[in-house]
Amino acid sequence: MSQAPPSKVLGFFGAEGPLIHVPGGRGLCYRTSQGILLRPSDDDEESEYITTLCKSLVDLHPVGYRVPKPIPASECPARYVYDAWTAWEYLEGRATPQGNFDILMRACRAFHADIMTLAIERPSFLSMRQNRFTEADLVTWEEKKLEDVEKVNSDVMATVQPILDQLLKLRQPFRQEVKNQLIHGDLTGNVLFDTDTNSRPAIIDITLYWRPAEYAEAIIVADGLIWLNEDQKLVEMFGTDHTRVQLLVRALYWRCLCFAIDPFLLFVNENLPKANFTSAIDIVGELMGECT
């Protein structure tokens, strides 16, 4: 269990104990009986940006989704980060994408339509962030060579290389321009559904990338194919035109490459065998054959 926020952090956000550890994700969050979620900040600049963005989204009163309301400092309403912690409204629900992909995709589209109106420029901190996911993203989009990436595990790479090679054979240049914007790049397990109250899906744990809005949907589809045994119907829900299929190829490549960069080997050994890339590649290959 991760270290709980100290009492001075609780005081800064006007929260009171006792604290309840929140499972899931990286296991770093705690909540209070007052309905406040305390989440550590990996980067204060990015956290301030995300909290401010979420405040703007809340103010839009969206109808297709919810985001948690960020909690400002009790004595400084303009500040949302203190001592590497943030505070949020705690939203009930469970991440259950299977059976809810239609709702999830609609929420994704509505969310990114709103994001596009609020965040016009690429945040500078995106260029500074460096982890397995961002490194794999740069390689996937041919903005960095794999040989220039540090901490690539040769053993894991040898295992995933045949999958990556198959995906590279399916990869083609886009036939039309794709426009980048700010996106949430990890929605599949970060949308909560509350069947008890029939509330709008709640989008949490925002992870930002500067990619096409449809790429966020492609990642959802990729996750459904490799983790949840979804089939071609999910791809058809997303769309099977050339651009969307190519976005899906890149999403699959990204997910696969993430295993090999600075890997947490216990996770890799447990989960890589469960990832059904073979079926996903077969589905994409068949669709590309139909479209040619």
field: C-alpha long axis of helix 213-227 to longest principal axis of the chain, angle in °
entry: 80 degrees
message: Rounding to the nearest 10 and keeping the result within 0 to 90°, find how far the Cα-based axis of helix 44-59 lies from the longest principal axis of the chain.
response: 80 degrees
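Determine the dipole magnitude for the stretch 123-177: charges of +1 sit on the beta-carbon of Lys and Arg, -1 on that of Asp and Glu, nothing else is charged, the reference point is the Cα centre, and the result goes in debye to the nearest 20. Can you show the working numbers first?
On the way: 8 positive and 10 negative charges, 31 e Å.
Its charge dipole is roughly 140 debye.
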statement: If one compares the long axis through the Cα atoms of helix 154-170 with the longest principal axis of the Cα atoms of the chain, the angle in degrees, nearest 10, works out at 60 degrees
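For the stretch 88-218, report the convex hull volume of the alpha-carbon atoms normalised per residue, in Å³, without decimals. Intermediate results must be reported in sequence, preceding the final value.
Values: hull volume 21.6 nm³, N = 131.
Convex hull of Cα atoms, per residue: 165 Å³.
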task: State the extension gain, in nm to one decimal, for the chain segment bounded by E150 and M116, taking 0.36 nm per residue of separation less the distance between their alpha-carbons.
output: 9.0 nm
task: Hey, can you grab everything whose amide H is under 5 Å from the amide H of Q181? Only 5+ residues off in sequence or another chain; H modelled, so Pro and N-termini drop out.
output: R211, A213
- prompt: Hey, fewest Cβ within 10 Å first, where do L257, L10 land in order?
  reply: L10, L257
message: Can you find, among L247, G285, I261, the residue sitting farthest towards the positive end of the charge dipole of the stretch 231-292, where Lys and Arg contribute +1 and Asp and Glu -1 at Cβ?
response: I261
- prompt: How do D148, D205 line up, fewest other C-beta atoms within 10 Å first?
  reply: D148, D205
task: Estimate the FRET efficiency between I103 and K233 by the formula 1/(1 + (r/R0)^6), using the beta-carbon distance for r and 22 Å for R0, to the nearest 0.05.
output: 0.90
- line: Ranked from fewest to most other Cβ atoms within 10 Å of their own Cβ, F174, F13 fall in the order F174, F13
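Magnitude of the Cβ-charge dipole of the chain, K/R +1 and D/E -1, about the Cα centre, nearest 20 debye?
240 debye
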statement: D (µm²/s, integer) via Stokes-Einstein for the stretch 1-143, Kirkwood Rh across alpha-carbon pairs, 10 °C, 1.306 mPa s: value 94 µm²/s
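In nm², what is the average projected area of the convex hull enclosing the Cα atoms of the stretch 246-292?
Details: hull surface 13.8 nm².
Reported value for the Cα convex hull: 3.4 nm².
Using the structure shown, list the pairs from K144/K233; K55/K179; K69/K144; K169/K233; K179/K233 with a Cα-Cα distance above 28 Å, or answer none.
Details: K144/K233 33 Å; K55/K179 25 Å; K69/K144 36 Å; K169/K233 23 Å; K179/K233 26 Å.
Pairs exceeding 28 Å: K144/K233; K69/K144.
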Linear extension gain, T240 paired with E45, 0.36 nm per residue minus alpha-carbon span: 66.4 nm
- request: For the stretch 137-292, just run the numbers: alpha carbon Rg, then divide by 2.2 N^0.38 Å, N being how many residues it has.
  value: 1.06
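Read-outs throughout are calculated quantities, based only on the coordinates presented, and are distinct from any laboratory measurement. This one's a predicted model, so the numbers in the text were calculated from it and none came from an experiment. Here Cβ is always computed from backbone atoms with ideal geometry, including for glycine, and neighbour counts include all displayed protein chains.
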